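What follows draws every value from the coordinates through simple rules; no lab data is involved. Computed from a predicted structure; not experimentally measured. Here the Cβ is made from the backbone with ideal geometry for all residues, glycine too, and neighbour counts use every protein chain on show.
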Amino acid sequence: MITANRLIDGEVLYWRAGTWVSALVDGEVFDDPAAAKAALDAAQSFVRDNVVVGLYAFDVRRTADGIEPVKEREIIRSSGPSNRTDTGKQAGMGPLEPRDVQPITL
Amino acid sequence: MPLIKNGAFVADRFIFIPEGQAFPEDGGVMVTLERFQSERETLLAHHRPLAVRLAAGDNPEVLKDDLGAIAAIALEFPVYKDGRAFSWARMLRDRFAYQGEIRAVGHFLYDQLAFMVRVGFDAFDVRQDFRIEEFARALGEMTYVYQPSVDRRKTVIDIRWDK
Amino acid sequence: MYRYDEFDAKMVRERAEQFRYQVERRIKGELTEDEFKPLRLKNGLYLQLHSYMLRIAVPYGTLAARQMRQLAFIARRYDRGYGHFTTRTNMQLHWPRLKDVPDILHHLADVEMHCIQTSGNCVRNVTADQFAGAAADELEDPRPICEIFRQWSSFHPEFNYLPRKFKIAVSATPHDRAAVKWHDIGIEIIKNDAGEIGYRVFVGGGMGRTPYVAKLIGAFVTKPDILSYIEAILRVYNEYGRRDNIHKARVKILVHQLGADEFRRQVEAEFVEIKKKGTLQIAPEELQRIEAYFAPPAFEDLPEESPELDAAVKADPDFADWVKVSLTRHRAPGYAITTISLKPIGMTTGDISSDQMDGVAQIMDDFGYEEVRVTHEQNLVLPHVRKKDLPALYARLKALDLATANAGLITDIICCPGLDYCDLANARSIPISMAIQKRFSDLKRQHDLGEIKIKMSGCINACGHHHAGHIGILGVDKKGVEFYQIQLGGSGAEDASVGEIMGPGFGKDEIVDAVERVVETYVKLREPGERLLDTYRRVGMAPFKNMVYQEQLHAAY
């Protein structure tokens, strides 16, 4: 999957079909490394346009419940601090509408 | 690259002569420290405006005995985070009483100009897209200073005690 | 405490506008992220895992009640209603938006606060003994000289692009509570044989990948000379500190590579030149002006013992437990220095909600001369409390969930934010520290174990001071999985020492058991009056290691 933070407020974003969504579950999963590379290149335009920063790709695995990042770091980024479950995406505390599959306005 | 002196764009008196390239007949030249050291006698004998360009790691103390004959010293910022030249400029002014031009070259930002002026830089080789009105703005961002430096501005402490 | 004059006030105001312009240029794309990052860091703004994080300076750990209230307001309005006190005695907000930060800076400026140089490769917030101005054994209040350092270092034109960050701490008592030898410059205020007060200057301490305890460089620097001496140190460092490798860029590496004697020689040569100019000599009238702000409050004439306190101690065993660990001897009779633990069992170390901030501010007004201190151990201190007010104070703290009786005990853990927030972290630290707290929550047991300093970091950068922990814990990443190493024998006090790594790390489900086995080993081996650190120093690593790993071996089968 591909992720970045939004410049203006730092919100964690995930790439989906040429734009960004706020929830990991709504993000696009690439099984083909070439497709991931192409998407990463396309996402670079948002870095150039100063919309997002810290762009990179990370690994996820498919589980019975859906997808899960391989690294703890990405699990935490996708949900929020594990010591404060009342904050972050897990609590719907991001500035974006959570769970809404509509692309967000940037 | 455009050159700023006294708050305005000016023509550059010096042409940088890279290693191995011959000097023009006349006119001011800027050379690297290595070239200055290897061709010192010739360069000093020529009596043309002479500038020496130092790399970030060169302590300008090596030019101590020739400062009277060097019209400008360019101090290089390889990346803007490398702040050695702030000390070198200050040493040139403070320690060696250097009166010539101290020029900032390389990668530096608008946000460093005020500090540069405070430590003795008086010429700035800025980016092509630099807007000249930004220069005065940069110097005006902060009204007061806390530290004595080579610009001899009154510090907050001087003002407090009317010194 | 210090109050800004019109000049100080204008500086922080203009700094807010300067930063607004930087943010504007970043958003417009006139600055790239690479260019903007060091600029925002110089103003304490990080981009972390979930959001930006803003680090607000609390110079030498001193806060006034109105400042505490303003922090509460800012955290409510621009954040999630809480803040986090750090080992540099700063406050961090974990959720601000980039576009709001210039406005936040103005709210801070309203109460004489700022974020200047709380990060970046420059001189950072200067820290001091949290008991300054109250400790019975203090030579003089270290804060006036800290304020002089704050002003001198703010926007220093020569030293804002150093090879790496630079931290200064000052202590004025024989018992070092400010971990001065773990700083780039650690200053001890001392008296020489002639009875003159001056400074002993240590240079080159630091944690991180290569931990060093600072070396003695200036044996006695006089008061008027100290800025010249520090400027000399910074100049040698700026000119010759390494810039080729970020892990070798701190002054500790330069001191180590040159050797203390050669480093001292270079500093002294520079110092002589700076002194010739004379412009940095501290003017006595300016020092007096600043000292006047730190004059102690007019203490009442009270008897040393308070019958109200004694009666309450007898009546309430919980209060008695709290009194036992929370009070330190004050220089004025009838007063006590009171530590407020920010380590309630099972809560995040150093976190404080806006409501708690407001509550503490009210307590400061009512019982504490409107002043509080932030400690590098992530607690708060009311420096001057009348002993007879302690029962009422305790009741207020209890209502705020801030009356945990564990200051200085094993559950008073220093802990960085770790992988729950931090972009640099390799492992989580907060949940581990919470689990350790729960394991040792029994207060009788804690008191029996005595002073045990557990310090924990989620990566090698050591914000949680693990090198200086009696028990230090370092989180590492092994192929995406969190692991934890234990170190023993570190100290951040006057007997500063670097902890020694015990052996292979533990998984997150094993680390608490491992800590408990270290503690059990201590209990088995200790002699009367020995702290864990003393026992470790006497018997060495081997018995601890045997006990911890043998048992792990058995458990594995």
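Data overview
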{"quantity": "Across chain C: Cys residues that no other cysteine approaches within a C-beta distance under 4.7 Å", "calculated": "C:CYS115, C:CYS122, C:CYS146, C:CYS415, C:CYS422, C:CYS459"}
{"quantity": "Computed over the protein assembly as shown, Kirkwood Rh from alpha-carbon pairs, angstrom", "calculated": "28.7 Å"}
{"quantity": "Set of aspartates and glutamates near A:LYS37 by C-alpha distance (under 14 Å), chain-local residues within fewer than 8 positions excluded", "calculated": "A:GLU28, A:ASP59"}
{"quantity": "Lysine pairs with alpha-carbon atoms under 15 Å apart, the range C:279-437, spacing 8 or more or separate chains", "calculated": "5"}
{"quantity": "Around B:ARG35: net Lys/Arg minus Asp/Glu count, Cβ-Cβ under 13 Å", "calculated": "-3"}
{"quantity": "Quotient of C-alpha Rg and 2.2 N^0.38 Å, computed over the range C:365-444", "calculated": "1.34"}
{"quantity": "Sequence of B:LEU109, C:LEU424 once ranked by neighbouring C-beta atoms within 10 Å, starting from the fewest", "calculated": "C:LEU424, B:LEU109"}
{"quantity": "Estimated vicinal HN-Hα couplings, Hz - the range B:44-59 in sequence order (Karplus 6.51, -1.76, 1.60; Gly, Pro = x)", "calculated": "6, 6, 6, 6, 9, x, 10, 10, 10, 9, 9, 6, 4, x, 7, 6"}
{"quantity": "Whole-angstrom Cα spans of the range C:107-168 along principal axes, big to small", "calculated": "39, 30, 16"}
{"quantity": "Cα centroid of the range C:400-461 to Cα centroid of the range B:23-46, whole Å", "calculated": "65 Å"}
{"quantity": "For the range C:242-314, alpha-carbon Rg relative to the globular expectation (2.2 N^0.38 Å, N residues)", "calculated": "2.18"}
{"quantity": "Flagged links, alpha-carbon separation over 26 Å, of B:LYS154/C:LYS223; B:LYS154/C:LYS99; C:LYS167/C:LYS444", "calculated": "B:LYS154/C:LYS99; C:LYS167/C:LYS444"}
{"quantity": "Candidates B:VAL31, B:VAL119, B:VAL145, ranked by Gaussian network fluctuation over chain B, Cα under 10 Å, top entry", "calculated": "B:VAL145"}
{"quantity": "Rounded Å value of the spacing that divides the Cα centres of the range C:48-95 and the range C:274-337", "calculated": "25 Å"}
{"quantity": "Options B:GLN99, B:ILE73, B:SER87, ranked by Cα towards positive dipole end of the range B:59-101, top entry (Cβ charges)", "calculated": "B:SER87"}
{"quantity": "Degrees, to the nearest 10: B:84-94 long Cα axis against longest axis of chain B", "calculated": "90 degrees"}
{"quantity": "Fewest-first sequence of B:GLU76, C:GLU286, B:GLU39 by Cβ atoms within 10 Å of each Cβ", "calculated": "B:GLU39, C:GLU286, B:GLU76"}
{"quantity": "For C:GLY204, net neighbour charge (Lys/Arg +1, Asp/Glu -1) across residues whose Cβ lies under 10 Å away", "calculated": "+3"}
{"quantity": "Rg and Dmax of the range C:1-134, Cα atoms only, in Å", "calculated": "14.5, 51"}
